[in-house]
Ligand code: B16
Ligand code: MG
């Protein structure tokens, strides 16, 4: 098995909780169009480009739009989405994500972003994590959406590493399929039943680091370092929670 030399992170749903903003914006647009839109439909849009997401919503509602209105609806959805994003604070980073990135850097792992979003650069800046990435491949740089592996393959190429030496962290069905098709190792963030094709599935990046399965994915030295780090982080968190409980 190849030595792991780096990580490629999806953005929405892995590093930051912007999925809820996408949901709200698509929900509003679907309502405008008279299309039923629940969490189940939203799940199918995760990791999928803006254009393909609107195409799916129109298909569900059996609606066809002229090219100009299609463009306007996409722009409208993005405006609603960005209204939430601009208000976003550091707390929208998912638990442990920023720390996990910093730790990966300390361990000399290559770090890349592989996201379908055209707003990725803005979001990384708002979270103040841009300098941690050696390469940022986003929706502005690819022509094929996940489950096509292009976004991750471009990341691997930019990092000058083979796919089998990179672990992709993904929260979407399309993203896990893209990672698998590209020959990457895959870690699913979220629900085991939904992300059944991922090599392992965990609830978040912090928890990933401490799990036995994740350690099996890594090289022994890396696994040990990550496990120790995770233990320390979880301990810190538990201590802070305990102190809070005692104080209140
Ligand atoms: P934008 P990811 C994806 O981000 C989202 O999961 C998906 O819901 C969204 O439609 C897509 O980005 C495009 O985003 O409209 O900002 O260009 O999960 O690949 O980081
Ligand atoms: Mg995602």
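In table form, for the structure just shown:
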{"quantity": "Top-ranked residue in region 179-194 [being more than 11 Å from ligand 2 (Cβ to nearest atom) and under 15 Å from residue 146 (Cα atoms); ranked as surrounded by the most Cβ atoms within 10 Å (Cβ to Cβ)]", "calculated": "179"}
{"quantity": "Meets criteria (more than 11 Å from ligand 1 (Cβ to nearest atom), within 17 Å of the chain's Cα centre (by Cα) and surrounded by 15 or more Cβ atoms within 10 Å (Cβ to Cβ)) for residue 126", "calculated": "yes"}
{"quantity": "Helices (runs of 4 or more DSSP H) contained entirely in region 146-248, each with at least 3 residues that are touching a strand residue (DSSP E or B) at 6+ places or on another chain (Cβ under 7 Å) and at pLDDT 70 or above", "calculated": "150-159, 173-182"}
{"quantity": "Check on residue 165, under 14 Å from residue 7 (Cα atoms) and within 13 Å of ligand 1 (Cβ to nearest atom)", "calculated": "no"}
{"quantity": "Identity of the residue in region 103-121, under 20 Å from residue 171 (Cα atoms) and assigned to a helix (DSSP H, G or I), that ends up nearest to ligand 2 (Cβ to nearest atom)", "calculated": "120"}
{"quantity": "Neighbours by Cβ (under 8 Å, 6+ apart or cross-chain): first from region 95-110, closer than 8 Å to residue 206 by Cα; second modelled with pLDDT of 90 or more", "calculated": "97/14; 97/15; 97/16"}
{"quantity": "Looking only at region 165-178, and only at residues there that are over 16 Å from residue 137 (Cβ atoms) and either surrounded by fewer than 24 Cβ atoms within 10 Å (Cβ to Cβ) or touching a residue at least 24 places away in the same chain (Cβ under 8 Å) (or both), the one that is nearest to the chain's Cα centre (by Cα)", "calculated": "171"}
{"quantity": "Boolean, residue 67 is over 21 Å from residue 21 (Cβ atoms), crowded, with 18+ Cβ neighbours inside 10 Å and more than 16 Å from the chain's Cα centre (by Cα)", "calculated": "no"}
{"quantity": "Subset of region 129-141 [in a loop (DSSP other than H, G, I, E, B) and either in contact with a strand residue (DSSP E or B) (Cβ under 7 Å, 6 or more places away or on another chain) or surrounded by fewer than 20 Cβ atoms within 10 Å (Cβ to Cβ) (or both)]", "calculated": "133, 134, 138, 139, 140, 141"}
{"quantity": "Residue match in region 77-100 (condition: closer than 14 Å to residue 9 by Cα, modelled with pLDDT of 95 or more and assigned to a helix (DSSP H, G or I))", "calculated": "no"}
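The values are calculated or read from the model by the stated rules, or taken from the named source; none is laboratory data. Computed from a predicted model, the values in this text were never measured in an experiment. Every residue, glycine among them, receives a Cβ derived from its backbone with ideal geometry; neighbour counts consider all protein chains shown.
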